[in-house]
1. Quick one: compute the contact order of region C:60-161, relative version, from alpha carbon pairs under 8 angstrom and 6+ residues apart, as a percent.
2. Once all Cα-Cα distances of the protein assembly as shown are split into 10 Å bins that start at 0, what whole-number percent is in each one?
3. Given labels modelled 7 Å from the Cα in the Cβ direction, how far is it in nm from C:T73 to C:K90?
4. Evaluate E = 1/(1 + (r/R0)^6) for B:K144 and A:D99, where r is the Cβ-Cβ distance and R0 equals 41 Å; express this FRET efficiency to the nearest 0.05.
5. Scan around C:R108 for amide H atoms under 5 Å from its own, H built in the peptide plane at 1.01 Å from N, and keep only partners 5 or more places away or cross-chain.
6. Nearest 20 debye, what's the magnitude of the dipole of the protein assembly as shown about its Cα centre given +1 on Lys and Arg Cβ and -1 on Asp and Glu Cβ?
7. If R0 is 35 Å, what FRET efficiency do you get for B:R108 and D:Q28 from their C-beta distance, rounded to 0.05?
8. Could you pull out the pairs from B:K66/D:K90; A:K66/C:K90; A:K66/D:K139; B:K66/C:K66; C:K66/C:K144; B:K90/D:K144 whose alpha carbons sit more than 28 Å apart here?
4 protein chains.
Amino acid sequence: MTENYDPAIQIAQKLESPSVASFVYHRQLTIEWGQCDPAGIVFNSRFFEFFDTSTWMLFDASLGVKPHQLAETFGVIGIPLVDARANFLKPVNFGDIIDIASRVAEFRRSSFDIEHLVTVGGELAVEGGETRVWAARDKANPDKIHAVTIPPDIIAHFSHG
Amino acid sequence: MTENYDPAIQIAQKLESPSVASFVYHRQLTIEWGQCDPAGIVFNSRFFEFFDTSTWMLFDASLGVKPHQLAETFGVIGIPLVDARANFLKPVNFGDIIDIASRVAEFRRSSFDIEHLVTVGGELAVEGGETRVWAARDKANPDKIHAVTIPPDIIAHFSHG
Amino acid sequence: MTENYDPAIQIAQKLESPSVASFVYHRQLTIEWGQCDPAGIVFNSRFFEFFDTSTWMLFDASLGVKPHQLAETFGVIGIPLVDARANFLKPVNFGDIIDIASRVAEFRRSSFDIEHLVTVGGELAVEGGETRVWAARDKANPDKIHAVTIPPDIIAHFSHG
Amino acid sequence: MTENYDPAIQIAQKLESPSVASFVYHRQLTIEWGQCDPAGIVFNSRFFEFFDTSTWMLFDASLGVKPHQLAETFGVIGIPLVDARANFLKPVNFGDIIDIASRVAEFRRSSFDIEHLVTVGGELAVEGGETRVWAARDKANPDKIHAVTIPPDIIAHFSHG
């Protein structure tokens with residue numbers, strides 16, 4: 001955040017011109033008492049729980065594979081998180097109904113970015129992002145884990161229409 | 001993260017050339033069973049809990065004011081978080097003893113950045129950051145909260161030596 | 001638990017002969033990665049989060065009042081928890097779909113017991129209980145909170161048919 | 001809780017006449033912002049996190065074995081929780097310094113009870129309890145887990161003096 005930061009411009013850019021036409025997974029949650037802090041708003045770490053689960057559900061919706069079967073289905077150890085970030089634009093309160101819209105913003109060779117937009121009543125409240133890798137055990141040395149090439153047919157499942 | 005991302009270079013830069021000579025607050029934690037996920041490593045949202053608490057403790061250590069007395073002591077409503085981020089470089093396991101080193105990386109007029117470096121056995125495992133604002137209620141309209149100028153004597157407490 | 005404890009008998013008693021014919025609120029959840037511990041099962045404290053939210057939702061479903069409006073609607077400060085307990089009969093795993101059935105097991109003058117039964121595929125996995133009070137501020141001394149008589153028309157909303 | 005429940009009598013009994021003279025493990029925590037709910041007090045599920053960790057630390061202090069080495073050191077899969085309970089006598093606030101006193105209240109053949117007393121400024125605030133089992137994999141059928149006899153020399157480590 002700089003002193004001249006204008007969230008409205010950023011939001012308009014996010015919503016109007018997604019850089020990749022990708023499948024968007026939506027889910028709705030009602031904010032619970034135990035997710036809020038003494039200010040009566042969602043404690044920041046809870047959003048990172050929401051994002052993690054939304055990513056698993058986005059993969060489930062795109063690939064048709066349940067989260068707990070992802071690893072064995074694709075011969076990976078999972079999709080470890082290497083970077084997480086959130087920009088808190090408006091407080092989210094106890095009892096608010098939020099919508100989380102999640103999509104893969106970019107696939108690279110062995111890593112990808114997920115974007116999570118949390119809205120309340122149509123207004124953007126939190127903008128989150130995750131970078132994850134497609135990771136497998138080294139065949140020669142099973143104690144080592146490394147990023148591997150994401151199969152093109154997996155990427156294809158995240159495209160629109 | 002890009003495909004050519006080299007964490008070693010970034011870490012060296014972080015540790016060797018801090019942009020501001022500021023007070024660093026350290027604390028040690030032993031990773032608990034309930035903080036770990038089925039992969040046996042700390043679940044990502046827990047680090048954001050650690051960062052939040054370390055920021056409160058950094059302010060306590062620098063200003064000599066307990067977290068729950070910060071708001072009334074300085075006539076603010078607190079130091080709301082507007083941005084949080086973490087870069088996960090190495091997994092942190094159940095039973096690991098971590099050191100969290102926290103400092104204000106930059107003060108601006110009404111906002112500031114906190115840097116949190118999590119190390120295990122001297123190696124950087126997670127690099128976190130928060131951007132917060134110094135916030136007060138609007139005198140004319142107490143329902144509104146806005147960022148206000150951080151008093152220079154508060155900033156002075158975070159300088160070295 | 002004693003060495004001769006037989007959960008099957010207890011469960012049969014619970015399911016077949018509820019002591020009070022009260023409204024039962026059901027909800028389904030899919031267990032998330034971040035809710036599980038290194039053994040791959042739900043970490044115990046998460047069930048107490050589930051119970052808390054189910055109680056709020058049971059009150060919402062019975063009274064038609066949203067959780068965040070409960071206090072002001074009824075002139076109370078809320079329904080503080082004075083006792084919580086859980087009996088873990090079977091592990092609940094990542095990806096499991098659970099049903100939580102919640103009901104008021106007993107209303108007393110100013111306190112009440114809620115029972116929460118967590119089942120997976122029809123089998124009882126966790127049996128939880130909460131004791132809460134109907135609490136208001138003292139009119140003479142607003143810093144004091146005490147249990148007050150639960151209005152009969154509120155209790156009536158929790159009866160069957 | 002009944003209407004005539006008198007916590008003062010119960011507390012006096014707990015503190016004055018422990019039924020077993022066992023090693024008591026103490027630790028102190030300062031309540032964090034993110035552990036509190038909109039009422040400004042510790043959210044109930046957090047106490048069950050505290051209890052779980054205190055149990056691991058009690059075992060560490062008594063046996064000299066780190067939590068993450070307990071399973072392999074003793075040939076068990078761990079000490080699974082079969083029952084947890086807490087009685088909330090006084091609210092615990094943001095910034096409060098709590099003391100958690102934990103001890104094994106009773107060892108049985110293959111299960112045991114742990115008692116956790118949370119005090120603030122010397123006053124009992126929460127009284128918690130856990131029942132756990134000493135559990136191992138079945139030698140004939142490694143998918144099955146069952147409670148096994150607790151070795152007497154392990155129990156001996158929890159005695160006083």
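Taken together, the values in this text are just the output of simple stated rules run on the coordinates, not laboratory data. All of these numbers come straight from a predicted model, not from anything done at the bench. Quick reminder, even Gly has a Cβ in these numbers, built from the backbone with ideal geometry, and neighbours come from all protein chains shown.
1. About 28 percent, as a whole number.
2. Going from the shortest bin to the longest, the percentages are 3, 14, 25, 27, 20, 9, 2, 0.
3. Each label point is offset 7 Å from its Cα along the Cβ direction, giving 3.5 nm.
4. 0.95
5. C:D113
6. 0 debye
7. 0.45
8. Listed pairs above 28 Å: A:K66/D:K139; B:K66/C:K66; B:K90/D:K144.
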